[in-house]
Amino acid sequence: APLSLDAAVALALDRNTGYRIAHTGIVAAQARLRQAAGPQLPSVVVSDGLNYGNPVAVLSTPFGALPFSTTPMTNVPLLTLSYQLFDGGRTAAQASQAAAALAAAEADERTARMSLIDATSKAYFDLVAAMQYAIVADRTVEVAQAQVDDAQRFLSAGQVPRADVLRAQTELADQRVQDLGAHNAVALAQTALDNALGVPLGDLHQPTDPLEAGAPDVALDALLTAAGTNRGDIVAAQAAVDAAGYALKEARAARAPRIGVAVADGN
């Protein structure tokens, strides 16, 4: 089937399990960030208690016998609103630590994405090169076959010795071996591309993008700057350092007191 490089990359990103796991890690890190920042919001608790009392004794008075409890059933709904005023910076440290973990997850996702794009592009253009080499090998076999035919005609006319025919036949056999190897390389390149795309092995693809793609002119300083800011492993490592620092702040904040306010209304 015809396949462009953009379509190959899109298919690989959709089917590659490692990249999908890295992408899902961002969603999980975002949820942990919201959870860590939860204590900064007020909390509302609604509760209801149903109490039932069965008097088991009576009190004798001059007015007659009175039970200890005159209300056998009591319903007590309660609404409580709480807000934490101060916790020593523990919540802020937890939120910052979760934010750093989110940055690390995003960096890991970018690393997985770039690695998958690189592997897919390499497999794609390896297949293009193998196909072009197979075409050259087929053409070489045709030329060698023509030389054998010419040598046999010259031999029949008595213009060349039999050794020239044998030499041409040997060259033809060698070219056929190389041609077989070239077509085997195409089959291996097809399998490598299927593996990179995550599709069943044996699917055949016809690349549509040419191999002759010019590279843009980029200065070395620009490349180094881009590598320092865009490489996911570097960003993830820095985010891990930040997360460890916030974890230390959280541990130190455990010594601080907690101050909050609660307002309750019930019956």
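Suppose we filter LEU180, LEU166, LEU116 for residues that are on the phi < 0 side of the Ramachandran plot and buried (at least 20 other Cβ atoms within 10 Å of the Cβ); which single one remains? I'd like the intermediate steps shown before the answer.
Working: LEU180 fails: buried (at least 20 other Cβ atoms within 10 Å of the Cβ); LEU166 fails: buried (at least 20 other Cβ atoms within 10 Å of the Cβ).
Just one listed residue meets the conditions, LEU116.
Within region 254-263, is even one residue within 30 Å of PHE125 (Cα to Cα) and surrounded by fewer than 11 Cβ atoms within 10 Å (Cβ to Cβ)?
From region 254-263, those within 30 Å of PHE125 (Cα to Cα) are none; that's our starting set.
Checked region 254-263: no residue is within 30 Å of PHE125 (Cα to Cα) and surrounded by fewer than 11 Cβ atoms within 10 Å (Cβ to Cβ).
Could you tell me which residue of region 196-237 is surrounded by the most Cβ atoms within 10 Å (Cβ to Cβ), considering only residues that are modelled with pLDDT of 85 or more and among the polar types (S, T, N, Q)?
Among residues in region 196-237 that are modelled with pLDDT of 85 or more and among the polar types (S, T, N, Q), the one surrounded by the most Cβ atoms within 10 Å (Cβ to Cβ) is THR208.
Output the residues belonging to region 136-170 that are within 51 Å of the chain's Cα centre (by Cα) and of a type outside the set (Val, Ile, Thr).
Step one: filter region 136-170 for residues within 51 Å of the chain's Cα centre (by Cα), giving 136-144.
Answer for region 136-170, where residues must be within 51 Å of the chain's Cα centre (by Cα) and of a type outside the set (Val, Ile, Thr): ALA137, ASP138, ARG139, GLU142, ALA144.
Could you list all residues from region 221-267 that are among the aliphatic types (A, V, I, L, M), within 26 Å of the chain's Cα centre (by Cα) and over 22 Å from ALA29 (Cβ atoms)?
Once the filter is applied, which keeps residues that are among the aliphatic types (A, V, I, L, M), within 26 Å of the chain's Cα centre (by Cα) and over 22 Å from ALA29 (Cβ atoms), region 221-267 yields LEU223, LEU224, ALA226, ALA227.
Taking the condition of being crowded, with 20+ Cβ neighbours inside 10 Å and among the aromatic types (Phe, Trp, Tyr), how many residues in region 119-140 meet it?
Total meeting the criteria: 1.
For residues that are small (Gly, Ala, Ser) and touching a Leu at 6+ places or on another chain (Cβ under 6 Å), tally how many sit in region 211-263. Walk me through it before giving the result.
In the first step, residues of region 211-263 are kept if they are small (Gly, Ala, Ser); the result is 213-215, 219, 222, 226-228, 232, 236-237, 239-240, 243-245, 247, 251, 253-254, 256, 260, 262.
Restricting the remaining residues to those that are touching a Leu at 6+ places or on another chain (Cβ under 6 Å) gives 260.
Count: 1.
Out of the residues in region 86-126 that are over 20 Å from ALA244 (Cβ atoms) and not in a helix (DSSP H, G or I), state the one that is modelled with the lowest pLDDT.
Only one residue fits best here, namely ASP87.
What's the total number of residues in region 18-59 that are open to solvent by 90 Å² or more (accessible area, probe 1.4 Å), part of a helix (DSSP H, G or I) and at pLDDT below 90?
Result for region 18-59: 1.
The values are calculated or read from the model by the stated rules, or taken from the named source; none is laboratory data. Owing to the predicted nature of the structure, the values given are computational and were not obtained by experimental measurement. Every residue, glycine among them, receives a Cβ derived from its backbone with ideal geometry; neighbour counts consider all protein chains shown. What goes into the accessible areas is simple: the full protein's heavy atoms, side chains included, and nothing from ligands, DNA or RNA. Shrake-Rupley method; radii C 1.70, N 1.55, O 1.52, S 1.80 Å.
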